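The values are calculated or read from the model by the stated rules, or taken from the named source; none is laboratory data. Worth saying up front: this structure is predicted, and the values here are computed from it rather than measured. Neighbour counts run over all protein chains shown; Cβ positions are idealised from the backbone, glycine included.
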Amino acid sequence: MALNDMHAEAVAGIVDRVVTRYRRDPTCMVQILREVQEACDWIPPEAIDRMQATLGVPRTKIEGVAGFYSFFYTQPRGRYRVLFSDNVTDRMQGNQELIERLCKNLWVEAGKVSEDGLVSVDRTSCTGMCDQGPALLVNNYAVAGLTAARIDEIAELIRNKVPLPEWPPEYFRVEDNIRKADIMLGSQLQPGAALRAAHARAPSDGLMASNMRSWREGLPSGIGGPAAMLDEIKRANLRGRGGAGFTTGLKWEACRNAPLKPGQQRFVVCNADEGEPGTFKDRVLLTSYADLVFEGMTVAAYVIGARRGFLYLRGEYRYLLEPLNAVLERRRKEKLLGADIIGIPGADFDIEIHLGAGAYICGEESALIESLEGKRGTPRNRPPFPVTNGYLDQPTIVNNVETFAAAALIALNGGEWYAGIGTKQSAGTKILSVSGDCARPGLYEYPFGVSVRQVLADCGATDVQAVQVSGPSGVCVSPGEFERTIGFEDIPTAGAFTIFNDSRDMFEVARNYVHFFQHESCGFCTPCRVGTSLLKNLMDKLYNGCGSLYDFAEIEKLNQLLQSMSHCGLGHTACNPVLDTIAKFRPAYERRMTCKDFAPAFDLDRALAGARQMTGRDDAAAHIAKEEFGECS
Amino acid sequence: MSQTFMLDGKTIPFEEGQTIIQAATAAGVFIPHLCYHPEFKPHGSCKLCTVKVNGRQTASCTMRAMAGMVVESDTDEINAERLALTQMLFVEGNHFCPSCEQSGNCQLQATAYHLGMMTPHYDHFFPNRPVDASHPEVLLDFNRCILCSLCVRASRDVDGKNVFALSGRGITTHLIVNAKSGQLADTNFTLDDKAAQVCPVGVILKKRRGFAVPIGERTYDKQPISETADAAEGR
């Protein structure tokens, strides 16, 4: 037997094992690809051959999905695949030197595979470890708190081909860093308590929840608990914690009332694709408060009448998969999941975990659903919305991790209690992921309405130049605005709170964010696909010292276009970091302008870099001084 | 009596379930578009057909018409944005109209003329996209692909073959074919496929037929795309 056939046979065996475990279900494509890659180190063509045969889907579909996600490789990327988190906070913590150090150590060029095929080193978007960076992923497992010494140790382990499970466990330790706890981070839920409280709720006289469904159809049948629980959510005035702040009660009610066709059911989806650079609260909630989150999902299932739920966990949090599955297993044993939950006949609900594979866009709810269905994570055309046409075209609610945790607290303590916390339009608390230039990065939970100044004082930030609230798609707040408050009335946020002191170059911050959007654009619509690349090129042009007023005008025009023509929020907000920083930190841009009106982007000397590298020359004669082809006046 | 909505001040009747662009086309009003084709499920990705509905932008190929809507389409503001999108498509790929077999029959080119495009405005990306000449009858020139996915939909929904799909992400999104080798010759694609007929630009070309109709006498040479869209899409 030829070596190739043996290889193909071994790969086919791996694929068969994985595909069987996923019931030959093509909607599990992303999970199947992930597990095949975990076994093979990449997704070889032979694996796609076999998947095509066993799943009964065309090769184009498999390759289309594999090609979409950053963490899937259809080319070999080495037995060790190192991805450095490249958020602006990682950069501030010195990740560039560490990348260079590891590359030098391993004799490999960043972005490429080593000549012996052992290792590749590359960059990736924020991995959610900003409070303990710089961080990296090795074969998708997070290593935080990197130092030069740790990098040298890692290089040694890789060179000696030490398998990942034999690496020192402390490398993979991730701290919670809870600095300020309130009702959520301070809660100590007895598993099942919130569910029992929800079940015990009797409908009050003035029932608020509209109930277009027959009593029988829902879960469980014949009792008023679900509608009463929905009332509590409405009374609590709970709003989505993913950033947009849609009223949770309305979403749940719309899903609850959505008509079902024969054979259809309702779904609960928890969005744990925490991809906004600078956000890491969901990481902690899922590490130390998983029961609260799963209980909130179960309360939601009770309210809308769902039997299946999904936790969509970002691929960067791969290390949480086994612990979370263990929590689910325990809850099944405790009758808090599965059939007849807490003894209510017909109250059936279970949760599956789906892992993402490196695509920020999957945090958008309709893209997330596409990904759950095993497809490319492209946002859908809306309307219709997921509450009526979600997972497999059936009614689905998608809520943030923190929203579900809040729902569990509301089930336990009631809506009125919750509405009394925070402000009028922003009930409850918000967990902020604080990182950047401060003494104590980590999680801070506040009732809504806290001022930026207060947060800065609590985390020990001094000489602050700016705070980016809610990540690149949020707002950049300058010192004159530090009295502004966190809440839907003023600054809404998904949770990121990134601090920059006086020494930071706000232009570089914005450029980092623009590169992020360009990398994460899904490519579906023309304005975002091409526009984010054009924006990146403009920012790089400014970085290279060829910027002018003309480019400011171009950025403004691009912003207009992306706002009005883009398919989803990514395109709508992609220009925000640039516009904000131009408005508030203009000197950072002006420093980089060589002339007022126009300068060409093309630089002859820079264009020769490739030739210099190929010939190994870097002497004076291999350079062309700018003056020689004319400096603009 | 069917229901109506207003489009640029004109009353447009529509049937239940029709999209804005369908109702507009039926009423003889042209809305620029590239990824939309009346025979296929709308995709909504090129965004050329964006209109303002009650003051908010939306793709008219995916938005259902509703009674009483006020729709703006042929305005300076929207046409300027459509022009910018067209320029983006030009710089994203490699479009050399004077030497292109599809010149005069190309919807991208015709749309550019319709919108008054005089320059590409943005810096060209000059991507490296090798052609696929493996198939005995058909040449694939990916340089001109605008990712409209019409061939994807035609092959999947009409031919039942799934010869084409989009892969990659963001600016690296690209067309792939259904073969381990990645070559069209190794698929079951034929010239009779619907997918061979729908490319709005010049990616899918019949071999050994060059310049059969002289430049100057081609579809959009005679009439602007706003007058000929239906005829061209029915070809």
Selection status of A:GLY523, of a type outside the set (Lys, Arg), in a loop (DSSP other than H, G, I, E, B) and either closer than 13 Å to A:TYR589 by Cβ or in the same structural domain as A:GLN468 (by TED's automatic domain parsing) (or both): no
Any hit, the range A:570-588, residues being hydroxyl-bearing (Ser, Thr, Tyr) and either within 16 Å of A:CYS476 (Cβ to Cβ) or modelled with pLDDT under 90 (or both): yes
Checking B:CYS106 against (1) in the same structural domain as B:ARG208 (by TED's automatic domain parsing); (2) surrounded by fewer than 20 Cβ atoms within 10 Å (Cβ to Cβ), the condition it does not meet: (2)
Checking A:ASN381 against (1) more than 14 Å from every other protein chain (Cβ to nearest Cβ); (2) crowded, with 16+ Cβ neighbours inside 10 Å, the condition it does not meet: (1)
Where B:SER181 falls short, out of the listed (1) in a loop (DSSP other than H, G, I, E, B); (2) surrounded by fewer than 18 Cβ atoms within 10 Å (Cβ to Cβ); (3) away from every other protein chain (no Cβ under 14 Å): (3)
The listed residue being of a type in the set (D, E, K, R), assigned to a helix (DSSP H, G or I) and more than 19 Å from A:ALA359 (Cβ to Cβ), out of A:ASP131, A:ASP116: A:ASP131
Residues (at negative phi and either within 14 Å of chain B (Cβ to nearest Cβ) or under 23 Å from the mean Cα position of the chain (by Cα) (or both)) located in the range A:84-97: A:PHE84, A:SER85, A:ASP86, A:ASN87, A:VAL88, A:THR89, A:ASP90, A:ARG91, A:MET92, A:GLN93, A:ASN95, A:GLN96
Test for A:VAL108: is it at pLDDT 95 or above, away from chain B (no Cβ under 14 Å) and part of a loop (DSSP other than H, G, I, E, B): yes
Residues of the range B:1-34 satisfying the condition of being in contact with a Pro (Cβ under 9 Å, 6 or more places away or on another chain) and farther than 28 Å from B:CYS151 by Cα: B:MET1, B:SER2, B:GLN3, B:THR4, B:PHE5
Test result for A:LEU570, out of contact with any Leu (no Cβ under 6 Å at 6 or more places or on another chain), crowded, with 17+ Cβ neighbours inside 10 Å and assigned to a helix (DSSP H, G or I): yes
Number of the condition not met by B:CYS49 [criteria: (1) more than 9 Å from chain A (Cβ to nearest Cβ); (2) farther than 24 Å from B:GLN197 by Cβ; (3) at pLDDT 95 or above]: (2)
Tabulated pairs, the range A:260-289, first within 18 Å of A:VAL327 (Cβ to Cβ), second of a type in the set (Lys, Arg) and surrounded by fewer than 22 Cβ atoms within 10 Å (Cβ to Cβ), C-beta under 9 angstrom, 6+ apart or interchain: A:VAL268/A:ARG308
Sole exception among (1) surrounded by 24 or more Cβ atoms within 10 Å (Cβ to Cβ); (2) on the phi < 0 side of the Ramachandran plot for A:ALA244, by number: (1)
Options A:GLY263, A:GLY218; residue that is at pLDDT below 95 and on the phi > 0 side of the Ramachandran plot: A:GLY263
So B:ALA84, is it closer than 25 Å to A:THR532 by Cβ, touching a residue at least 24 places away in the same chain (Cβ under 8 Å), within 14 Å of another protein chain (Cβ to nearest Cβ) and touching a Leu at 6+ places or on another chain (Cβ under 6 Å): yes
Pairs with Cβ under 7 Å, 6+ apart, first in the range A:232-253 and farther than 19 Å from A:MET184 by Cβ, second of a type in the set (S, T, N, Q) and surrounded by fewer than 24 Cβ atoms within 10 Å (Cβ to Cβ): A:GLU253/A:SER210
Residue match in the range A:516-524 (condition: out of contact with any strand residue (DSSP E or B) (no Cβ under 9 Å at 6 or more places or on another chain), within 14 Å of chain B (Cβ to nearest Cβ), of a type outside the set (D, E, K, R) and without any contact (Cβ under 8 Å) to a residue 60 or more places away in the chain): yes
Checklist (1) surrounded by 24 or more Cβ atoms within 10 Å (Cβ to Cβ); (2) within 14 Å of chain A (Cβ to nearest Cβ) applied to B:ALA24, failing item: (2)
From the options B:HIS37, B:HIS43, residue that is facing another protein chain (nearest Cβ under 9 Å) and on the phi < 0 side of the Ramachandran plot: B:HIS43
Filter result for B:ALA196 (more than 10 Å from chain A (Cβ to nearest Cβ), of a type in the set (A, V, I, L, M, F, W, C), surrounded by fewer than 22 Cβ atoms within 10 Å (Cβ to Cβ) and under 23 Å from A:PHE524 (Cα atoms)): yes
Residue that is at pLDDT 95 or above, under 18 Å from A:PRO386 (Cα atoms) and either of a type in the set (D, E, K, R) or not assigned by TED's automatic domain parsing to the domain that holds A:THR127 (or both), where the choices are A:ARG179, A:ARG239, A:ARG159: A:ARG239
Enumeration of residues in the range A:61-83 that are out of contact with any Ser or Thr (no Cβ under 8 Å at 6 or more places or on another chain), at the interface with another protein chain (Cβ under 8 Å from one of its Cβ atoms) and not in a loop (DSSP other than H, G, I, E, B): A:LYS61
Unmet requirement for B:PRO130, which otherwise passes all of (1) more than 25 Å from A:LYS557 (Cβ to Cβ); (2) free of Cβ contacts under 8 Å to residues at least 40 places away in the same chain; (3) within 12 Å of chain A (Cβ to nearest Cβ); (4) of a type outside the set (S, T, N, Q): (3)
Residue identified as among the aliphatic types (A, V, I, L, M), over 25 Å from A:ASN257 (Cβ atoms) and modelled with pLDDT of 95 or more among A:ALA359, A:ALA300, A:ALA339: A:ALA359
Residues satisfying the stated conditions in the range A:304-346, i.e. of a type in the set (Lys, Arg) and part of a helix (DSSP H, G or I): A:ARG318, A:ARG330, A:ARG331, A:ARG332, A:LYS333
Condition check for A:ARG314: within 24 Å of A:ALA200 (Cβ to Cβ), buried (at least 22 other Cβ atoms within 10 Å of the Cβ) and of a type in the set (Lys, Arg): no
Among (1) away from chain B (no Cβ under 14 Å); (2) without any contact (Cβ under 8 Å) to a residue 40 or more places away in the chain; (3) surrounded by 15 or more Cβ atoms within 10 Å (Cβ to Cβ); (4) out of contact with any helix residue (DSSP H, G or I) (no Cβ under 7 Å at 6 or more places or on another chain) - the single one A:CYS28 does not satisfy: (2)
